[in-house]
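Submitted below is the structure of interest, expressed as structure tokens.
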Amino acid sequence: MRAGRSVREGELAVYTWIWRKLPGGIPGKVLGCAILFLAVVALLFYVVFPWVDPRLPFNQVTINQ
Amino acid sequence: MSSDETDDADRAGQHSGPESTTEADSRSAGATAVIAPDIAHSRTEQTVGDRLRTGIRGVGQTCITAGVVILLFVVYELWFTDYVNAGQQKDATNKLEHAWKSGDDPLVGGPGKPGDKVRSIPLGTGIAIIRIPRLGLDYARTVVEGTNTADLDIGPGHYTNSALPGQVGNLAIAGHRVGKGSPFLDLDKLRPGDAIVIETKTSWFTYRVLGDRASGSFTAGTPEGIPGREIVDPSDVKVIAAVPDHPGQSPTRAMITLTTCHPKFSAQQRMVIHGVLVGKPRPRSAGLPSALRSQP
């Protein structure tokens with residue numbers, strides 16, 4: 001596989017790049033993916049979504065002018 | 001980029017589209033002079049086409065990523081906020097019950113300044129427990145003072161300028177419909193005559209939803225024509241007036257008003273429940289009120 005192909009290849013080029021860069025053979029890559037995914041989810045659930053949530057119109061339950 | 005050109009040459013050798021036919025024709029012609037311009041011409045075409053494909057792949061990849069993030073957000077709103085809220089409710093309930101045991105009542109002991117007409121209770125403090133038997137005999141939530149986002153994250157919030165439990169006027173409470181513990185998710189299940197019980201340090205207050213219990217009508221025979229349930233605009237502040245729907249009028253009854261989102265997953269409107277205090281406040285020492293002794 002050529003390094004130059006990485007940008008062009010497949011629908012999920014960034015993800016295939018991450019897959020290739022992860023060390024440790026197949027088990028290492030799977031573990032690395034899981035860790036990365038959980039880290040992103042933690043960032044979303046504890047930082048990003050709580051910040052976004054009050055700014056969205058879905059959750060207003062009060063009456064005010 | 002040299003790697004791009006390498007790829008182009010690579011692709012030129014594959015049967016991957018109209019360009020390869022041109023290449024094959026050029027080679028069969030045999031003359032280098034004929035091939036070179038053709039290769040150059042098809043390489044330029046491929047570069048443009050490839051850039052377009054790369055762009056489309058980038059968009060596709062972004063869409064898939066965005067889709068996953070949105071899915072995660074739905075999971076967050078529907079489950080994770082409930083999980084976080086459970087912990088906050090537990091804390092608030094523990095603090096309130098501890099205060100009651102040590103003789104404090106947040107409803108009474110606010111640190112108002114001299115000359116204040118109304119004692120102010122710190123926002124986010126638990127002040128009472130709301131129980132709604134129609135939603136289950138074990139349904140109970142600690143109500144906090146205030147209706148800001150942070151206050152409502154903990155549980156149902158008491159509109160700060162509205163009446164306190166048992167007081168003449170309108171005890172107004174807002175609560176989330178979906179997410180953050182979903183305290184008022186099933187408010188639509190309330191029927192006329194259903195009890196809303198407020199527990200404070202000293203007493204049980206039983207309010208009942210306005211309307212005719214027998215017929216199920218929210219509007220039949222209600223005081224001042226106030227409906228037991230109505231759907232209003234978010235800006236319709238008259239529903240939390242001292243006499244609901246009658247702003248400026250002096251209150252003579254102790255009423256309760258609950259507000260939440262409507263429809264369930266939208267903030268377009270508000271569902272509003274009105275109730276009136278029935279009977280005298282029951283001292284805690286007298287045990288559970290009848291409304292809490294059996295499932296309606």
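On a full-extension model of 0.36 nm per residue, what is the gain between B:Val168 and B:Arg284, subtracting their alpha-carbon distance, rounded to one decimal in nm?
39.7 nm
Grab the beta carbon distance between B:Val59 and A:Ile26, set R0 = 41 Å, and tell me the FRET efficiency rounded to 0.05.
After rounding to 0.05, the efficiency reads 0.85.
Does region B:112-292 come out rounded, prolate or oblate by the C-alpha gyration tensor, with a ≥ b ≥ c the root eigenvalues, rounded set by a/c under 1.5 and, if not, prolate when a/b is larger than b/c and oblate if not?
Rounded, since a/c falls under 1.5.
For region B:274-290, just list the computed ³J(HN,Hα) in residue order, Karplus coefficients 6.51, -1.76 and 1.60, θ = phi - 60°, integers in Hz, with x standing in for Gly and Pro.
With the stated coefficients, region B:274-290 comes to 10, x, 10, 5, 10, x, 8, x, 9, x, 4, 5, 7, x, 4, x, 4 Hz.
Starting from 0.36 nm per residue, how many nanometres of slack lie between B:Thr47 and B:Ile70 once their C-alpha separation is accounted for?
Length gained, B:Thr47 through B:Ile70: 4.9 nm.
How far apart, in nm, are the 7 Å Cα→Cβ label points at B:Lys90 and B:Ala214?
Each label point is offset 7 Å from its Cα along the Cβ direction, giving 4.8 nm.
Going down the table (B:Lys189/B:Lys238; B:Lys95/B:Lys280; B:Lys180/B:Lys238; B:Lys95/B:Lys238), which pairs top 30 Å between alpha carbons?
B:Lys95/B:Lys238
None of the figures in this text is laboratory data; all of them are computed from the coordinates on show. What you see is a predicted model, and the numbers here were worked out from it, not measured in a lab. Because the Cβ atoms are built from the backbone with ideal geometry, glycine has one as well, and the counts that use them run over all protein chains shown.
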